[in-house]
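Only the coordinates and a few stated rules stand behind these numbers; no lab work does. None of the values given here were measured: they were computed from a predicted structure. Please note: Cβ atoms are built from the backbone with ideal geometry, for glycine as well, and neighbour counts cover all protein chains shown.
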Amino acid sequence: MKNRGGSIALVSTALLLLTPFLQTMAAEAASSDSVVYSISAGRTSPEKLSGGSVRGDIYVAWTGPVSGSVYFALDPVIVDGAIKSASYEHTERYRPYDLSGTSPSGAAAAYDTRDLSDGTHRLALLVGRDGTSPELQVVSFEVRNATVTPAPGAPPRTTMVSADFDDQAAGPVSPKSFNEQVGPSNGDTGAYQGMTYAADTRGSGKVIRTHLAANKYIDSSGEGRGNVLMVKLPGSYDSACAAYDLRFSDGFGFSAGGKLPGLLGVAPGTPPSTPEGGGSTEHGWSGRLMWLGPTAYRFAGEGGNSNMAVTYLYHARQTGIWGDNIQWHRPFVADRWHHVEQCFIMNTPGRADGKLEAWIDGQMVVDRSDVLYRDDPAVHITHFDWSVFRGGGSSLWASPTDGYVDIDNLHLSRS
């Protein structure tokens, strides 16, 4: 078990001896709300760990009152009111009381849930109290590092595209290699400027890396403006999902925001770019992923974050020419791998009963069943839009610094 930033605690016999009264508190106690986690080392946008579903690196802390220390025990064995063993132990004696310790800069140290099996786990805490035995708290949570699976009773899914890019030689992405791995798209070499096969920072394999140059956005010219590649799906579908791994480079300037890949659908004869860029949704819809910065949208800076992930949705119900931002209430963290997934189920034409579901790092962040994607019954899910760029249509969306975006393990499925 990795302990990133913390030390293995030696738990005294006194801490392990609990009164019968405290033993009855071992189930979910009311103050378990004080056990929170964040996906940011800055502890922004914390949520209750109890009942939560987590993935990848998390930052867990006790935020309630303490007199003395807080002892953490993961998956403990508790016998007769005493913690006999645990898969991981750590004691914090000073605030902030972080599960994995605190770095010299004051940031929380990460706990890597990939060291745990998927499923239910328990975290026990012994919280110091004035003049009494330490108070025991036990919270349960789910670890879900595997690819998100459909809910029970959901129709089986068929893979349309599965690409990990590991067999590619390092260097520029070519139309031929992209079309073979992802699907039929642009055959012009210029459309792939700034895209390279690069080494995966996780240790092996390759990723597609897109260079986003300083002071450029999608309406700029030349390499570094980003890319938009429309991929025709094998057929037309009413239910499909797009999932991939995503990483922004260390120190990435999130600026006002930018676009990321997603699915879309148009009626026969309608160009796939139509329901984007302020275009019409009469015969199409689109659902790209996007990051937004607080310089463009104040809500994107909630909790002091530098950005917020959103589904940027063009649909038949929207009231303006631009798509709607369906907020995820989660930031992307630079130099960290995220796993994102969006699933779309088309509505009955003319009725707002379409579904939109989204996950980041195994946590469901959007669950909507009131979407009016289409009025036209000829509209389905027809394309995958590989968009990676800053924009927006003005220099407001540019960043003063160079950066890049890595994408890996693309998986498109339908039912």
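What do you get for trypsin sites (Lys or Arg not before Pro) in segment 339-415 restricted to DSSP loop and a cutoff of at most 16 other Cβ within 10 Å of the site's Cβ?
Values: sites: R351, K355, R368, R374, R390, R414; in loops: R351, R374.
Those satisfying the criteria are R351.
Scoring 68-81, 119-132 by mean Cβ neighbours within 10 Å over their residues and listing the highest first yields 68-81, 119-132. Overall, segment 158-414 carries a charge dipole of about 300 debye about its Cα centre when +1 sits on the Cβ of Lys and Arg and -1 on the Cβ of Asp and Glu, all other atoms neutral. Applying 1/(1 + (r/R0)^6) with r as the Cβ-Cβ distance of T120 and F299 and R0 = 45 angstrom yields a FRET efficiency of 0.85. Shown here for segment 260-351: chymotrypsin sites (Phe, Trp or Tyr not before Pro) in loop regions (DSSP other than H, G, I, E, B) with at most 14 other Cβ atoms within 10 Å, namely W322.
Using R0 = 45 Å, the C-beta based FRET efficiency linking K84 and M364 works out to 0.80. Simple spin-label estimate for S103 and T319 gives 4.3 nm between the two label positions (7 Å along the Cα-to-Cβ direction from each Cα). Segment 265-339 and segment 57-130 have Cα centres separated by 37 Å.
Shown here for segment 185-224: trypsin sites (Lys or Arg not before Pro) in loop regions (DSSP other than H, G, I, E, B) with at most 14 other Cβ atoms within 10 Å, namely R202. Extension gain for T189 to N215 (0.36 nm times residue separation, less C-alpha to C-alpha distance): 7.0 nm. Considering the chain as a Gaussian network with a 10 Å cut-off on Cα pairs, which listed residue, D324, D98, D361, attains the greatest mean-square fluctuation? With Cα springs under 10 Å in the chain, the top fluctuation among D324, D98, D361 is at D324.
Between T201 and S395, what is the FRET efficiency for a Förster distance of 30 Å, r being their Cβ-Cβ separation, to the nearest 0.05?
On the way: r = 30 Å, r/R0 = 1.00.
Rounded to the nearest 0.05, the efficiency is 0.50.
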